[in-house]
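Working notes, structure below.
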Amino acid sequence: MANPPPARLDLIAAIATAPGRGGVGVVRVSGGDVAPLAAAILGRVPVPRHATYSRFFDSRGEVLDEGIALVFAAPHSFTGEHVLELQGHGGPVVLNLILQRCIELGARLAEPGEFSRRAFLNGKLDLAQAEAVADLIDAASSEAARSAVRSLSGAFSARIAELVEALTRLRMLVEATLDFPEEEIDFLRAADAFGRLDAIDARLAAVRTQAKQGVLLREGLTVVLIGQPNVGKSSLLNQLAGFEAAIVTEIAGTTRDTVREAIQIRGVPLHLIDTAGLRDTDDAVEKIGIARTWAAVEKADVALLLVDAAHGLGEREAAILQRLPQVARLTIHNKIDVTAEAPRAVGNEIWLSAKTGAGLDLLRDKLLEAAGWQAAAGEGAFMARARHLDALGRAAGHLAAARETTGQLELFAEELRLAQSALSEITGEFTADDLLGEIFSKFCVGK
């Protein structure tokens, strides 16, 4: 086959379709010359990039399956290597037989994410795009999927590249001034260094805003419902979930363990946790449930404190609030159907009825506000991860430090270099091997 593949020559193979039964299943092979393997399993080598109907043979020449074979010659493939795809019937047994045949012929089983890792190493994707592959597969909403597609198509990487280019131009001016100090040019004034820095900082802030929206779409928001027994926590969970996820009775202490449910609000994933009522009790089982309640609160992004609208915040609620960790909180005055009040929101307090659903839209709006969701920014958000926010934050810190180095061009240049290095980690231009291993190990096998 023409065009020898890049450095990697070992063949890897895996089932590339989801586990279980389906109409079609795909076994993918990538690496060095796949022609001998293709000839052995198909009886011929298909023309690259042409779908070829064929039978798939075992070592004795018996038919394992029949379907479509596709060959992609390097570098024109997902991995940048020679690739063979065998598209057969989607049964687990037959797909494993085809996979075992590929292994018999010299391939080895691919590690999780190894196809995407090879695509990155061979320059077919940068690191942010490679991560977007996994994010697209794991997307929990249509908004998350669209954001992942934007990142996969290079929108996030392009914004990072623009920032890196602007920093590079500014660094060139600084370095030129350092190399020729005898020119006695007032660099900070003549080159408008701080004006350029302000422009880069503003662009970085916009990218950080969109990245935060992307992280929210990817990871969602963990919301824990707390309060005394019988204030309606389980009823509110059921209303938000749209079905009876938790048991509701008039008996105090019905919920003794955490009940978790995943929902979406305008495409933003929320992980709701109903908890045991917080009160003094001698019941051993209920004590365990209360301990788990506080453990859930420690990990939550938002805590909803439910109180009975008939009596509002009392001493017990004040004690709960005093014990709450540093977490966003909303106070929910429930049971307005009993007090005959209208639903309303005042600051971080909401009056609603978990029984009738009145006021739930106010709660949904407040939850998105607490999460930091911005609809305008979210529409153009690209998928991002916590490591991306960390890198963007470090870059912003170095730009702030550069601003404080007036008259010290060496320090100014060094802070610009560190900011550029932090940004380059996002696309993988400067990335440690152990980080790559951690990132790709969380991918699916076959991707």
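The values are calculated or read from the model by the stated rules, or taken from the named source; none is laboratory data. All figures in this text were calculated on a predicted structure; none of them were measured in a lab. Ligands, DNA and RNA are stripped out before the accessible areas are found, and what is left, the full protein with its side chains, is counted by its heavy atoms. Shrake-Rupley method; radii C 1.70, N 1.55, O 1.52, S 1.80 Å.
3J(HN,Hα) couplings calculated from phi for the range 145-156 with the Karplus curve 6.51 cos²θ - 1.76 cosθ + 1.60 (θ = phi - 60°) are, in sequence order, 5, 5, 5, 5, 5, 4, 5, 5, 7, x, 5, 5 Hz; Gly and Pro show x. Heavy-atom accessible area for residue 124, with the other protein chains in place and a 1.4 Å probe, reaches approximately 90 Å². For 362, 97, 11, the ranking by accessible surface with the largest value first comes to 97, 362, 11, using a 1.4 Å probe. Per-residue accessible area (protein heavy atoms, 1.4 Å probe) orders 331, 209 as 209, 331, starting from the largest.
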